[in-house]
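Structure first, commentary second.
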Amino acid sequence: MTVGRIFITIFCICLISSWSYGQQKLNAESKTAKVFYIGDDEKSYERLVERYNTMLFTVCNNNMELAFDHWSSLLKDIEDYANISGLDLKGVKLWLNVFWAKDGTVDHIVFYPKPNSKNMNYDNVKLMLNNFTSTYQATLKSSTSFSHYGSASFPIFSKAIIGPEK
């Protein structure tokens with residue numbers, strides 16, 4: 001074998017290896033579930049927290065009332081969607097971390113039931129939230145993706161008022 005052939009062979013092996021590694025990394029990023037339990041996939045969760053590092057409060061120009069209204073509106077929309085889906089959330093209490101895209105769509109929801117939450121099959125909640133993320137569109141838009149970590153207790157009694165009708 002000539003030196004040229006050895007060099008070309010080594011170059012091709014390196015090229016294929018680097019392409020394969022890049023594909024694996026891309027596939028790992030794209031395989032992050034839309035909805036999962038807190039603690040189920042720590043690496044994906046850490047990547048989401050890094051990627052969506054702008055907070056809802058910041059997107060709302062540090063206006064606590066506006067941020068609360070958007071959060072309450074999201075929770076009410078989740079509750080309404082659950083009712084339409086035939087899932088009773090009354091008595092459900094969750095820790096939620098929601099990750100929004102710039103356009104206001106929900107990219108991911110990571111959640112876990114609180115200890116004093118209603119006893120039920122939370123895989124049904126996970127499925128409902130997964131379906132919810134495919135249809136939900138917030139009115140809030142941003143120049144960057146953003147997130148919020150909070151708590152939810154259903155039913156939602158707070159009425160969010162966003163806009164001029166305040």
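Read-outs: derived from the displayed coordinates by stated rules, not from any lab. Please read these numbers as outputs of a predicted model, since none were measured by experiment. Note that we place each Cβ from the backbone using ideal geometry, even for glycine, and neighbour counts take in every protein chain shown.
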(message) Given the range 33-153, report the % of alpha carbon pairs whose separation exceeds 23 Å.
(response) 26
(request) Mind checking the full-extension length gain between Leu127 and Glu50? Use 0.36 nm per residue of separation minus the Cα-Cα distance, one decimal, nm. (result) 25.2 nm
(request) Any aspartates and glutamates with Cα under 18 Å of the Lys126 Cα? List them, leaving off those in the same chain fewer than 8 positions away. (result) Asp40, Asp41, Glu42, Asp77, Glu79, Asp80, Asp88, Asp107
(message) Less than 14 Å Cβ to Cβ from Lys102, Lys/Arg counted +1 and Asp/Glu -1: what total charge do the surrounding residues give?
(response) 0
(message) Tell me the net charge near Lys141. Cut-off is 10 Å between Cβ atoms, Lys141 excluded, with +1 for each Lys or Arg and -1 for each Asp or Glu.
(response) 0
